[in-house]
1. Determine the sum of side-chain charges near Ala54: Lys and Arg each +1, Asp and Glu each -1, restricted to other residues whose C-beta is under 12 angstrom from that of Ala54.
2. Hey, what did the range 3-83 get for relative contact order, percent, Cα under 8 Å, at least 6 apart?
3. Can you run phi through the Karplus equation (6.51, -1.76, 1.60; θ = phi - 60°) for the range 17-32 and list ³J(HN,Hα) in whole Hz, with x for Gly and Pro?
4. Which distance in nm do the two modelled labels at Glu96 and Asp112 give, with both placed 7 Å along the Cα-to-Cβ direction?
5. Identify all aspartates and glutamates with a Cα-Cα distance to Lys83 below 13 Å; exclude those on the same chain that are fewer than 8 residues away in sequence.
6. Counting only other residues whose beta carbon sits under 12 Å from that of Pro22, what net charge do I get with K and R as +1, D and E as -1?
7. When the Cα centres of the range 69-92 and the range 1-66 are compared, how far apart do they sit, in Å?
8. Could you calculate the contour length gain from Thr59 to Val23, that is, 0.36 nm times the residue separation minus the distance between their Cα atoms, to one decimal place in nm?
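Please treat every number below as a calculation from the coordinates, not as lab data. Remember, it's a predicted structure, so these values are computed and weren't measured experimentally. FYI the Cβ positions are ideal-geometry reconstructions off the backbone, even for glycines, and counts take in every protein chain you see.
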Amino acid sequence: MTYVVTDNCIACKYTDCVEVCPVDCFYEGENTLVIHPDECIDCGVCEPECPADAIRPDTEPGMEDWVEFNRTYASQWPVITIKKDPMPDHKKYDGETGKREKYFSPNPGTGD
């Protein structure tokens, strides 16, 4: 099992989760984070840290696509281990559905 970042992180990008990860498996895009599913050790410490409830175990129904999404971008984006401010309009987007189709950017973030 692994944990993955899902739709609600997009356009919010809270980074509370990255500082608690013992294996540094979070990667930063321009407006979201991902978890490298092959590096995650399934400890679960990141899940309760996410204010947007965007981190889910891959055992939940419908997570296969998110596992591949996370794997794809984790191989392209820089690692992030230090908390940063969320996106400027994060409160506006938190809880909105369909954010991947509307707002996702494949561009990398800056990392640490």
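1. The answer is -3.
2. Numbers: 145 pairs, mean separation 36.7, N = 81.
So the answer I get is 45 percent.
3. The phi angles translate into 5, 5, 6, 8, 6, x, 10, 6, 9, 8, 10, 10, x, 4, 9, 7 Hz.
4. For Glu96 paired with Asp112, the spin-label model returns 3.1 nm.
5. Asp16, Glu19, Asp24, Glu28, Glu49, Asp112
6. Numbers: positive: none; negative: Glu19, Asp24, Glu39, Asp42.
For residues surrounding Pro22, the net value is -4.
7. 9 Å
8. Length gained between Thr59 and Val23: 10.9 nm.
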